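Written below as structure tokens is the structure these notes are about.
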Amino acid sequence: MPVLIPGMLLVFGIIYLAMPRRVPPSQSWANGTYVNACCAPVVLLDGVLETQGRTARYIVSEAKYGYQLEVPTGIGVQRGNVRFEGNAVFVHFNNDSMARPALHEAKSLHLSDLDGGAWYEFVKIR
């Protein structure tokens, strides 16, 4: 018993030190211009989302299946305009929400329609 406890502590310590640390996503990972025929382009640049002269702050965060955009004011599409309101605080990247910087780049965002259940895919052009 006196050998078992220190041995277990040593093994758990080695496992803890060897485990990779979770690094928060870089805000610049999502940078780019995203377009959809419905609306004006959406530009993401280092934590600031801009469309039609209006801006909102955002954070790129990790979700269960990939990275997502957090817009505290809410965001959605209404009558051909991107609006900063509504309940959609989280916006997923790419079609399958499997966007991870080591494997993929941000290719699109998916905004919901504030009036109904439709989704708008904004494709990254640069």
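Coordinate-derived values only; no laboratory data. The model shown is predicted, which means the values in this text are computed figures rather than measured ones. Heads up, the Cβs are rebuilt from the backbone with ideal geometry, glycines too, and the neighbour counts pull from every protein chain shown.
Would you mind calculating the gained length between Ile59 and Leu9 on full extension (0.36 nm times residue separation, minus the Cα-Cα distance), in nm to one decimal?
Extra length available between Ile59 and Leu9 comes to 14.2 nm.
What is the helix-to-structure angle for 4-18, meaning the angle in degrees between its Cα long axis and the longest Cα principal axis of the chain, kept from 0 to 90 and rounded to the nearest 10?
Relative to the chain, helix 4-18 is tipped by roughly 30 degrees.
Between Gln27 and Arg79, what is the FRET efficiency for a Förster distance of 30 Å, r being their Cβ-Cβ separation, to the nearest 0.05?
About 0.50, to the nearest 0.05.
Around Asn31, which amide H atoms from residues at least 5 apart in sequence, or from another chain, sit under 5 Å from its own amide H, with H modelled in the peptide plane?
Asp46
State the Kirkwood hydrodynamic radius of region 24-124 in Å, one decimal place, computed from all pairs of distinct Cα atoms.
13.2 Å
If amide hydrogens are placed 1.01 Å from N in the peptide plane, which non-local residues have theirs closer than 5 Å to the one on Leu114?
Long-range HN contacts for Leu114: Val77, Gln78.
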